[in-house]
1. Using the crude model of +1 on Lys and Arg Cβ and -1 on Asp and Glu Cβ, and no other charge, please compute the dipole size for region 10-258 relative to its Cα centre, in debye to 20.
2. Rank these for me by crowding, Met224, Met140, Met30, Met108, going from fewest to most other beta carbons within 10 Å.
3. Can you list the residues, at least 5 places off or on another chain, whose amide H is less than 5 Å from the amide H of Gly250, using H built in the peptide plane?
4. Could you list Tyr247, Tyr92 so that the one with the fewest beta carbons within 10 Å of its beta carbon is first and the one with the most is last?
5. For region 155-171, what does the Karplus curve 6.51 cos²θ - 1.76 cosθ + 1.60, with θ = phi - 60°, yield as ³J(HN,Hα) per residue in whole Hz, taken in order and with x for Gly and Pro?
6. State to the nearest 20 debye the size of the charge dipole of region 147-269 about its Cα centre, where the only charges are +1 on K and R beta carbons and -1 on D and E beta carbons.
7. Just to confirm my numbers, what's the Cα centroid distance between region 69-137 and region 194-245 in Å?
8. Pick out, from Cys81, Val248, Ser153, the residue whose Cα sits farthest towards the positive end of the charge dipole of the chain, with +1 on the Cβ of Lys and Arg and -1 on the Cβ of Asp and Glu.
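Coordinate-derived values only; no laboratory data. If you're wondering where the values come from, they're calculated on a predicted model, not measured in any experiment. Cβ coordinates were reconstructed from backbone atoms using ideal geometry, including for glycine residues, and neighbour counts include every protein chain displayed.
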Amino acid sequence: MTLRRFEGKVAVVLGGGADGPSRERGKIPMGNGRAIAMRLASEGARVVVVDRRLDLAKLTVDNLQGEAHAVEADLANIEDCTRIVESSLDKYGRVDVVIANAAVSSSMSAVQQTVEDWEFSNDVNVRGHWLVAQKALPQMIERGAGSFVFVGSTAGQLSSGRSLAYEATKAAQLAVMRHIAVRFGSKGIRSNAVVLGVIDSALVRREFGDSEEALAARSEIGPMRRQGRPEEVAGAAAFLASDDASYVNGHSLIVDGGVSAQWPSPRKG
Ligand SMILES: NC(=O)c1ccc[n+]([C@@H]2O[C@H](COP(=O)([O-])OP(=O)(O)OC[C@H]3O[C@@H](n4cnc5c(N)ncnc54)[C@H](O)[C@@H]3O)[C@@H](O)[C@H]2O)c1
């Protein structure tokens, strides 16, 4: 049976492009944002695909099944953030679902961390998502319905010691998610997060390598002995965004193949 849980609904996907090596020759690069946009469209949503690079957003729009609109916006830019919801209202007249997926990540310890990178990480990973929510909420409250899914990371709950700014902002992102859930739950708004482990996205392939050795090393991290796929993230995000999760609010759904459940961690081959 084909699910059509988003028929008549409009979803805004922040960071809905993807850039980096593909998993399969001839296929487009896949990231969490792109996979979520494609999944929501396949279930009937009209999707506003937002990315700082218009070409990446357009590639998503061209490859999904359904109606979609590409918007160029940089979440680090305050004016761009306030424009995103206006674009959706102009085009489709509403916003029912916001997927807060865009993020930046650096690799600096507490000693190496720069103030510039700390602020930039906060601008994109936290402030940008809040600003979009601030614009989306009033029309959701008026209709008495709306759903947010924040794409979080286990780095917001567990430290690998790799990136202070990423870990801190991913934790703060979950606080924004919970605030919306608690403050606006009585208005029919739900807000949840998928908290991801190692996902084989185009971005991860680009930044951490896509050689056989690199892929095998990442697969060894968790008990399932493989990385997650963006399409699996999309399944979890679509559930949380949909009415199937109608009494799920303020929840962080861990999508990490069991990495955070194991001890000692990580397990070595
Ligand atoms: N891939 C993983 O292993 C993993 C693990 C944990 C969490 N996550 C989270 O998943 C989300 C997506 O990560 P991904 O690896 O799938 O990347 P992705 O492939 O979804 O790419 C992110 C997209 O966001 C866009 N983007 C980046 N900065 C932006 C900005 N300032 N404004 C607008 N768009 C911007 C990029 O151009 C890119 O198209 C992030 O929130 C990340 O923290 C990923």
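1. Numbers: 27 positive and 31 negative charges, 103 e Å.
The dipole of region 10-258 has a size of about 500 debye.
2. Values: Met224 13, Met140 23, Met30 26, Met108 16.
Going from least to most buried by this count: Met224, Met108, Met140, Met30.
3. The list, which skips near neighbours in sequence, is Ser191, Asn192.
4. On the way: Tyr247 5, Tyr92 19.
Fewest-to-most Cβ neighbours within 10 Å comes out as Tyr247, Tyr92.
5. Listing the rounded values in order: 5, x, 10, 10, 9, 8, x, 7, 9, 4, 5, 5, 4, 5, 6, 5, 5 Hz.
6. Details: 14 positive and 12 negative charges, 78 e Å.
Roughly 380 debye, rounded to the nearest 20.
7. 22 Å
8. Val248
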